[in-house]
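Everything on this sheet refers to the single structure shown next.
The values are calculated or read from the model by the stated rules, or taken from the named source; none is laboratory data. These numbers were taken from a predicted model, which means no experiment stands behind them. Heads up, the Cβs are rebuilt from the backbone with ideal geometry, glycines too, and the neighbour counts pull from every protein chain shown.
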Amino acid sequence: MRFRPQAVLASVVLLGAACAAAGEPADPGAETRKQLLRGLLDSFHIGICAPVEWMNETRDQNGARWKFRQQYFSGGAAKEQTWDTVFLNPWNKWVNPDKRRGVWGENFIKGSIEAGYVPWITYYNLAQSNPHDYKPGPAQSCPANAKITETMRSYWDQVRVLMQSCDKYKPTPIVVQVEPDEWGHLLLSAGKGETLDPLGVDVKVGSTGHEELKGLPDNLAGYAQAWVRLRNQYAPHNVLLVANPSAWAWKGPMAGSKWVQYFKACGVDRWDGAVLEFGDRDLGCNQGKNPPYTEADFVTRFQSYDAMLKWIDELHKGTGLYVWMWQVAVGNTYFRTCNQTDGHYCDGIAQSILEGYPQNPTISRFAAAGCAGFIFNAGQGFQTHVHDDKKDGITNPPPIAGNLGHESKYADDDGGYMRLRVGEYYKQPFKMFGPAQAAGTNAKPAAESPAAVAARPAAQPAPVEAKPLIDAAALAAWDGKLQARAQQALKDGASVHTYLRLFGEKDTPKRYKLAAVSAAEVQVLVQGNKMPVAWKNLSVTERAQLARGVVEAVGDEPSALVLAGVYLAGDGKLDQAEECLAKAALKDAASVEAARVALGLTK
């Protein structure tokens, strides 16, 4: 049958709407998971794949307060006859010799939680399942296995086991990252063109005979909904599902905007998050390229952070899902330990993100695009690891050309770069939405200073607004200045974002891009459309957020900082206001003093 993109898109939209209205089984954990997800978005967090003992050491000695502990759960389905073999393989060991399924996986979950880390499970089984078992490669074996009823029956059995194991540890959040690469491989199996066809993907779901999956279609929409059904039935209170769109053809059928269409058609926009991967190995071993590196080298197919962030921004705004970066390479060119030998390869990603933070704005750029954190992990065993995976102790060979040549004091295969830089990062982590209750983990909290908060103007306000500490009439006199400064920022081409309650007091504040502002109203973009909000209806908190959004867009420009300080003070956030005013005073002390006098903020 000839592929017709327009017809497919129309049917996809109809299918998505029909599935949403078809009366899915009850979801008893929706509110609990919402709170858990909110807890993971308090700050921009970093995760790692490493032994828990190493994570504890680096947390306690270096201040590296890792949020997530990542691990592959692999091995494949339809292999019940070889449980022992699967268990004994160190790469595929989430089953056990006595054939009681899930023991290894439960030990990983339990050990992570007891140490204070959120388990991040990368569930990667479809391509490794029988009968094709990764042959000739995942692009072929994944869609071939998906068509086989017996294989998928076993696959869904394993998903059930996974959910049952996770449920034992509620209400601690557990992130389940579903089948990296394979969403893309499955889509590509259904045809070619600028728009791919989720309905044309042959994945056995409802036809497998599982009572829980009865009535679901045998396509990618059914596959996505099957994960949700099994989660909602067996682990509704703590499993957060994140999907893994691929961006191989990021300018064409795998653009961020295209994935919005695919995910909405399959109901994935109602999942808990999404993941974008950097690659699966260090640059030094992937292409054999020696340093020095440019951004075009280590940002792989995107060639630049601008292009990557645009992709993330499109996906985030189109689906509402926050995105985590995963399989972020560990190698560096800082320590001479990384010399392009087995386990000690170079890369530039970690340095581009962490070196010089917080003056380095890379993390804030990712957060502004809708990214919520980085998961550093090696995609291949011979890559650079953060711990002493090679068991070769402290290594300080003569530095290769392009390496900065610093001497390491740690046995870590990256020379200790990650433990040191992440430790520095968590002295002042990038604030996103602020503290939340019931995050469900006993991880030690990261210290957070008022200065760190003030330096992050995009932070979301708390649901309960503080009572203004400045006379409302005095504060209103500044509205014209704020409107004019926001107008100028837009005129200068700045991208200004702010938090608003579009639908009144009962609505949750959400981050929107500012389209226009006047004395009468502000206009924000919602799915490409301009939505007006009367200026008189903006609370003090929302005006403070607008002022902070201008600072985020234009940088530490004195007039913008003064306005942020004024409205933050009006919102009762005096510590944050003082930080903004202090920064402004470095360049324009007279304006700051005038503002203090006008508002009664003189010290």
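Restrict the check to region 555-570 and report whether at least one residue is among the hydroxyl-bearing types (S, T, Y), in contact with a helix residue (DSSP H, G or I) (Cβ under 9 Å, 6 or more places away or on another chain) and surrounded by fewer than 22 Cβ atoms within 10 Å (Cβ to Cβ). Among the residues of region 555-570, at least one is among the hydroxyl-bearing types (S, T, Y), in contact with a helix residue (DSSP H, G or I) (Cβ under 9 Å, 6 or more places away or on another chain) and surrounded by fewer than 22 Cβ atoms within 10 Å (Cβ to Cβ), which makes the answer yes. Of the residues making up region 282-329, those that are more than 19 Å from the chain's Cα centre (by Cα) and acidic (D, E) are D282, E295, D297. Here D413 meets each of (1) part of a loop (DSSP other than H, G, I, E, B); (2) under 29 Å from the mean Cα position of the chain (by Cα); (3) surrounded by fewer than 17 Cβ atoms within 10 Å (Cβ to Cβ) with one exception, condition (3). Of all residues in region 582-597, those being within 14 Å of D556 (Cβ to Cβ), in a helix (DSSP H, G or I) and more than 36 Å from the chain's Cα centre (by Cα) number 2.
Quick check: anything in region 475-483 modelled with pLDDT under 90 and at positive phi? It would help to see each step written out before you state the result.
Initial filter on region 475-483 (modelled with pLDDT under 90): 475-477.
Retained after the next criterion (residues that are at positive phi): none.
Scanning region 475-483 turns up no residue that is modelled with pLDDT under 90 and at positive phi.
Do we find a residue being at pLDDT 85 or above, surrounded by fewer than 23 Cβ atoms within 10 Å (Cβ to Cβ), assigned to a loop (DSSP other than H, G, I, E, B) and out of contact with any helix residue (DSSP H, G or I) (no Cβ under 8 Å at 6 or more places or on another chain) anywhere in region 57-64? No - not one qualifying residue is present in region 57-64. Inspection of region 372-389 finds a residue satisfying the criterion of being modelled with pLDDT of 95 or more, of a type in the set (F, W, Y) and either out of contact with any Cys (no Cβ under 9 Å at 6 or more places or on another chain) or farther than 22 Å from W54 by Cα (or both).
Answer yes if at least one residue in region 229-243 is aromatic (F, W, Y) and part of a loop (DSSP other than H, G, I, E, B), and no otherwise. The answer is no, given that none of the residues of region 229-243 is aromatic (F, W, Y) and part of a loop (DSSP other than H, G, I, E, B).
With respect to (1) within 24 Å of Y322 (Cβ to Cβ); (2) surrounded by 24 or more Cβ atoms within 10 Å (Cβ to Cβ), the lone exception for V205 is condition (1).
Please specify each residue of region 316-367 satisfying the condition of being aliphatic (A, V, I, L, M) and either part of a loop (DSSP other than H, G, I, E, B) or surrounded by fewer than 20 Cβ atoms within 10 Å (Cβ to Cβ) (or both). Across region 316-367, the qualifying residues are L321, A329, V330.
I312 versus (1) out of contact with any Gly (no Cβ under 6 Å at 6 or more places or on another chain); (2) of a type outside the set (D, E, K, R); (3) in contact (Cβ under 8 Å) with a residue 24 or more places away in the chain: which is the lone unmet condition? Tallying (1) out of contact with any Gly (no Cβ under 6 Å at 6 or more places or on another chain); (2) of a type outside the set (D, E, K, R); (3) in contact (Cβ under 8 Å) with a residue 24 or more places away in the chain, I312 fails exactly one: (1). Using the structure shown, decide if Q225 is outside the structural domain of A144 (by TED's automatic domain parsing) and polar (S, T, N, Q). Spelling it out, it is not the case that Q225 is outside the structural domain of A144 (by TED's automatic domain parsing) and polar (S, T, N, Q).
Every test in (1) out of contact with any His (no Cβ under 6 Å at 6 or more places or on another chain); (2) within 10 Å of V496 (Cβ to Cβ); (3) in a strand (DSSP E or B) is passed by K513 save one, and that test is (1). Across region 117-134, the qualifying residues are those that are touching a helix residue (DSSP H, G or I) at 6+ places or on another chain (Cβ under 6 Å) and at negative phi, and the one among them that is surrounded by the fewest Cβ atoms within 10 Å (Cβ to Cβ) is H132.
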